[in-house]
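The values are calculated or read from the model by the stated rules, or taken from the named source; none is laboratory data. The structure presented is a predicted model; accordingly, all values stated were derived computationally and were not measured. All Cβ positions, glycine included, derive from the backbone under ideal geometry; neighbour counts span all protein chains shown.
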Amino acid sequence: MATANAQPSAAESSDPVERLQTESLSVAGIRCAACIQLIEFRVSQLVGVHSFRINPISQKAQLRWQPDRLSLKKIIQAIVDLGYAAFPANQSLSEYQAKEKKTALWRLFVAGFAMMQVMMYAFPAYLVPVPEMDGDLTPDLDRLLKIASLIITIPVIGFSAVPFFRGAIRDLRLRYIGMDVPVSLGILLTFFASCWATFFGGAVYFDSAIMFVFLLLGARFIEDNVKRKTSAALSVLTQIYPTIAQKLVSYPSGEQVSSCRADEILVGDYLLVPAGEQVPCDGEVVEGNSECDEALMTGEANPVGKKMGDHLIAGSVNLHSALVMRATQVGNQTQLANLIAMMESATLEKPRLVALADKHASRFLFAILLIAVGAGVVWATIDPSRALWIGISVIVVTCPCALSLATPGVMSAAIGQLAKFGMLVTKGSAIENLANLTHVIFDKTGTLTYGKLKVLKAVYLQTDQLNSDELNHQKALVATLAGMSLHPASKAIADSFVSQQLKQSNEVIQASLGQSHELAGAGIELRFAAQTYRLGRLDYVKELNRSDWQIPHAFSNKSVSVFADQDQILAFFVMEDGLREEAIAAVRELQEQGKHVTLLSGDRHDVVAEVAAQCGISDYRAELSPAEKHAYILQLQQRGAVVAMVGDGMNDGPALSLANVSVAMGQGAPISQTRSDCLLMSNRLSDLSFSIQLAKKAYRLIRQNLGWALLYNVIAIPAAVLGYLEPWHAALGMSLSSLLVVVNGLRLLNLKPADYDLPLS
């Protein structure tokens with residue numbers, strides 16, 4: 001239960017009247033889905049609250065509200081009034097957690113010690129019936145042992161079991177049935193019925209009451225540790241969030257260093273990043289040369305060289321020499337903060353099976369109480385001496401926790417484990433969809449290939465008609481057009497001009513504001529000085545001048561971008577992109593898993609055909625527009641296919657938004673990342689194959705947990721109603737059932753890419 005990082009606190013609503021603000025809270029004391037439903041319901045009823053959702057594993061809440069109508073302090077107080085603890089994101093929970101853990105251990109110790117002692121007193125009664133005559137256990141000795149058991153049980157009821165009673169009182173006061181209600185009823189009914197039997201005759205079950213408390217506390221303690229473990233896996237990125245920065249005052253005229261918190265940095269501030277320190281925000285290098293470790297952010301295992309003008313990522317580590325940087329994105333606008341927010345929001349989403357179980361958890365508890373009362377009434381007519389104990393057994397034996405709490409643990413373990421190995425899940429539904437995939441569709445550039453196109457040859461077709469100034473002007477136009485686009489081909493052309501120290505035309509840039517237009521996947525158009533220019537695919541460019549020019553045959557298997565005006569083709573650029581080293585193996589692994597692999601690309605047919613042949617993909621389509629990719633996926637889905645789309649560029653946005661699972665490469669265009677369910681931060685296609693395998697295993701564990709919980713209740717409840725279970729049997733079964741499904745989810749934490757093909761049944 002780690003403190004969450006605050007989400008963007010700027011006004012987020014397009015409606016200025018609402019002025020919605022977002023904040024992250026940490027909520028402590030949550031025990032089951034009923035607790036979450038209660039808190040969410042209560043806070044959502046507050047005037048001014050737009051939305052409030054709690055993650056059951058990390059116990060973090062995402063809050064959106066109108067601060068001009070309701071203060072954050074009142075929201076926190078409303079949670080506290082329910083009997084839970086809540087903290088704003090900027091406060092540490094470590095002291096509170098340490099105190100709670102210490103108290104929980106004491107409660108567990110008292111219950112365990114009392115259980116061992118009371119068993120010694122109950123043991124003779126189990127072996128030797130209480131005799132009226134002829135026996136070793138006399139009535140006086142029997143009563144003495146019962147009184148001793150009562151005395152030992154009192155600290156358990158008055159101290160160890162207090163958390164259950166508090167929760168039950170809170171639920172009843174709010175007319176809500178949570179898990180603590182049947183638990184408290186079981187404990188108190190067993191205790192007071194045994195007290196009656198101690199003085200007025202009959203069997204006592206102090207040992208069952210204490211065992212029930214001990215097993216429940218033990219299961220909860222283990223469950224809390226499991227949640228901390230899965231939450232730690234989930235916070236693989238949050239653990240690297242920087243907190244301290246060194247600001248350079250009056251730079252470059254002065255270099256006075258002033259320490260500040262990372263959340264105090266403003267855009268434009270100059271910062272000193274010493275060797276061995278974390279980069280506190282996103283920015284660019286203005287002085288120095290070094291290398292940075294960006295492994296947790298990008299999956300790049302090797303250090304990345306940094307020099308003047310290079311981009312720095314918040315959370316990366318400067319390895320060698322000091323750097324001076326200028327802040328460009330700060331606070332919650334950094335790439336790291338956005339990824340953390342997306343990953344945490346993913347854990348709030350639940351598969352349909354889990355949502356169904358949570359929806360009916362409270363109804364299940366209410367039904368159990370009715371069954372327990374009904375069983376007690378029926379047994380009162382059959383054997384009054386057993387009626388109360390059978391009712392208690394029915395209450396104690398039920399296990400809604402397995403249905404509603406342990407299953408989200410599998411989800412968090414899966415999301416955390418995937419984050420460790422390069423796949424950042426931004427929407428929880430992706431786990432379920434990855435597990436049921438039938439088709440995997442790849443884009444080409446930047447996905448199966450590195451997306452690092454290099455200009456092999458630049459050919460200007462009118463050089464014999466141009467003087468040097470006119471040729472330089474034409475090159476400046478091309479550089480300006482290429483610099484306006486994020487497409488890999490445009491970036492390659494722009495980089496080639498940078499390497500030749502050819503700059504964009506400031507005159508063109510100023511005049512082109514509002515006069516440029518990019519058609520995703522096709523190219524970019526610019527109107528300047530009464531002329532229209534285009535840079536991009538040949539068919540897009542030829543729409544402008546109706547030329548019959550063709551790409552030379554020598555470059556038929558290369559990627560080519562064409563530059564033209566309204567009259568003629570002016571130049572073309574021949575580029576090449578290398579196939580990713582793991583692309584062939586990754587495609588083969590997916591095909592061996594039974595997935596149908598397809599390649600969809602906007603590039604020319606001969607280029608796409610060559611890449612498809614290298615990867616062993618028989619089904620491919622070339623020269624597709626974003627709309628055609630979208631239509632292709634829609635047709636597959638209409639035939640019942642579950643489709644994953646893996647893309648990189650801006651032209652993949654529509655297809656990514658439609659696919660059942662959308663996977664954006666970590667170095668891809670921002671628009672493709674914002675529309676995606678998963679980010680492949682490592683940029684390794686082999687991690688995609690591992691992600692699918694882990695998702696299948698996670699969903700299998702979810703089904704196992706739900707199946708076991710349902711089977712257990714189907715068997716245990718009738719057995720308790722029919723009188724086959726004593727209260728201590730019910731306590732043991734309930735605790736072990738909850739513990740089983742929690743521990744089952746831990747199996748995901750042992751999976752790694754190297755052993756993803758190991759069986760997990």
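Hey, does the range 26-49 have a residue that's under 20 Å from D263 (Cβ atoms) and either outside the structural domain of V741 (by TED's automatic domain parsing) or modelled with pLDDT under 70 (or both)? Before the answer, list the steps.
Pass one, the range 26-49, residues under 20 Å from D263 (Cβ atoms): 26.
With the extra rule that they be either outside the structural domain of V741 (by TED's automatic domain parsing) or modelled with pLDDT under 70 (or both), the set shrinks to 26.
Yes, because at least one residue in the range 26-49 is under 20 Å from D263 (Cβ atoms) and either outside the structural domain of V741 (by TED's automatic domain parsing) or modelled with pLDDT under 70 (or both).
Filter the range 249-291 down to residues that are assigned to a strand (DSSP E or B) and polar (S, T, N, Q) and give me whichever is farthest from L312 (Cα to Cα).
Top of the filtered list is Q256.
Please pick out the residue among E610, E582, E589 that is farther than 28 Å from E525 by Cα, in contact (Cβ under 8 Å) with a residue 40 or more places away in the chain and surrounded by 19 or more Cβ atoms within 10 Å (Cβ to Cβ). Let's see the steps before the verdict.
Details: E610 fails: surrounded by 19 or more Cβ atoms within 10 Å (Cβ to Cβ); E582 fails: surrounded by 19 or more Cβ atoms within 10 Å (Cβ to Cβ).
Only one candidate qualifies: E589.
Condition check: surrounded by fewer than 17 Cβ atoms within 10 Å (Cβ to Cβ), of a type outside the set (D, E), touching a Phe, Trp or Tyr at 6+ places or on another chain (Cβ under 8 Å) and modelled with pLDDT of 80 or more. Does L105 satisfy that? Walk me through it before giving the result.
Details: surrounded by fewer than 17 Cβ atoms within 10 Å (Cβ to Cβ): yes; of a type outside the set (D, E): yes; touching a Phe, Trp or Tyr at 6+ places or on another chain (Cβ under 8 Å): yes; modelled with pLDDT of 80 or more: yes.
Spelling it out, L105 is indeed surrounded by fewer than 17 Cβ atoms within 10 Å (Cβ to Cβ), of a type outside the set (D, E), touching a Phe, Trp or Tyr at 6+ places or on another chain (Cβ under 8 Å) and modelled with pLDDT of 80 or more.
T532 - would you say it is surrounded by fewer than 19 Cβ atoms within 10 Å (Cβ to Cβ) and in a strand (DSSP E or B)?
Taking the combined requirement at face value, the residue satisfies it.
Quick check on my filter: what residues within the range 546-573 are aliphatic (A, V, I, L, M) and under 41 Å from the mean Cα position of the chain (by Cα)? Before the answer, list the steps.
Of the range 546-573, the ones aliphatic (A, V, I, L, M) are 551, 554, 560, 562, 564, 569-571.
Once the filter is applied, which keeps residues that are aliphatic (A, V, I, L, M) and under 41 Å from the mean Cα position of the chain (by Cα), the range 546-573 yields only V560.
Give me the pairs, please: first residue somewhere in the range 540-552 and among the aromatic types (F, W, Y), second residue anywhere and surrounded by 14 or more Cβ atoms within 10 Å (Cβ to Cβ), beta-carbon distance under 7 Å, and either six or more positions apart or on two chains.
Matching pairs, first to second residue: Y540/L519; Y540/A522; Y540/G523; Y540/R534; W549/I569.
Quick one: in the range 179-217, which of the residues that are in contact with a Pro (Cβ under 7 Å, 6 or more places away or on another chain) and not in a helix (DSSP H, G or I) is nearest to S737 (Cα to Cα)?
M179
Which of the residues belonging to the range 416-431 are more than 17 Å from N683 (Cα to Cα), in contact with a strand residue (DSSP E or B) (Cβ under 9 Å, 6 or more places away or on another chain) and either assigned to a helix (DSSP H, G or I) or modelled with pLDDT of 80 or more (or both)?
Just the residues of the range 416-431 that are more than 17 Å from N683 (Cα to Cα), to begin with: 416, 427-431.
Now restrict to residues that are in contact with a strand residue (DSSP E or B) (Cβ under 9 Å, 6 or more places away or on another chain): 427, 429-431.
Those that are more than 17 Å from N683 (Cα to Cα), in contact with a strand residue (DSSP E or B) (Cβ under 9 Å, 6 or more places away or on another chain) and either assigned to a helix (DSSP H, G or I) or modelled with pLDDT of 80 or more (or both): S429, A430, I431.
Name the single residue that is surrounded by the fewest Cβ atoms within 10 Å (Cβ to Cβ) among those in the range 650-667 being at pLDDT 85 or above and assigned to a loop (DSSP other than H, G, I, E, B).
N660
At pLDDT below 80 and either of a type in the set (S, T, Y) or over 21 Å from W106 (Cα atoms) (or both), is that true of R143?
Values: at pLDDT below 80: no; either of a type in the set (S, T, Y) or over 21 Å from W106 (Cα atoms) (or both): yes.
No.
Going by what's in this entry, would V714 be described as aliphatic (A, V, I, L, M) and either within 30 Å of V304 (Cα to Cα) or modelled with pLDDT under 85 (or both)?
Working: aliphatic (A, V, I, L, M): yes; either within 30 Å of V304 (Cα to Cα) or modelled with pLDDT under 85 (or both): yes.
For V714, the condition - aliphatic (A, V, I, L, M) and either within 30 Å of V304 (Cα to Cα) or modelled with pLDDT under 85 (or both) - is met.
Regarding A695, is this residue under 18 Å from F421 (Cα atoms), of a type outside the set (D, E, K, R) and at pLDDT 85 or above?
Details: under 18 Å from F421 (Cα atoms): yes; of a type outside the set (D, E, K, R): yes; at pLDDT 85 or above: yes.
Here the answer is yes, as A695 does meet what is asked.
Test G158 against the stated conditions and say whether it is surrounded by 18 or more Cβ atoms within 10 Å (Cβ to Cβ), farther than 16 Å from M120 by Cβ and small (G, A, S). Quick ask: steps written out before the conclusion?
Numbers: surrounded by 18 or more Cβ atoms within 10 Å (Cβ to Cβ): no; farther than 16 Å from M120 by Cβ: yes; small (G, A, S): yes.
Here the answer is no, as G158 does not meet what is asked.
List pairs: first in the range 306-322 and free of Cβ contacts under 8 Å to residues at least 12 places away in the same chain, second not aliphatic (A, V, I, L, M), Cβ under 6 Å, 6+ apart or cross-chain?
none
If you take the residues of the range 451-482 that are within 28 Å of K629 (Cα to Cα) and surrounded by fewer than 19 Cβ atoms within 10 Å (Cβ to Cβ), which of them is modelled with the highest pLDDT? Before you say what the answer is, go through the steps one by one.
Initially, the range 451-482 is screened for residues within 28 Å of K629 (Cα to Cα), giving 451-455, 481-482.
Now restrict to residues that are surrounded by fewer than 19 Cβ atoms within 10 Å (Cβ to Cβ): 452, 454.
Values: K452: 74, K454: 82.
Here the answer is K454.
Restricting attention to the range 62-95, which residues are within 26 Å of F164 (Cβ to Cβ), at pLDDT 80 or above and within 23 Å of the chain's Cα centre (by Cα)?
A86
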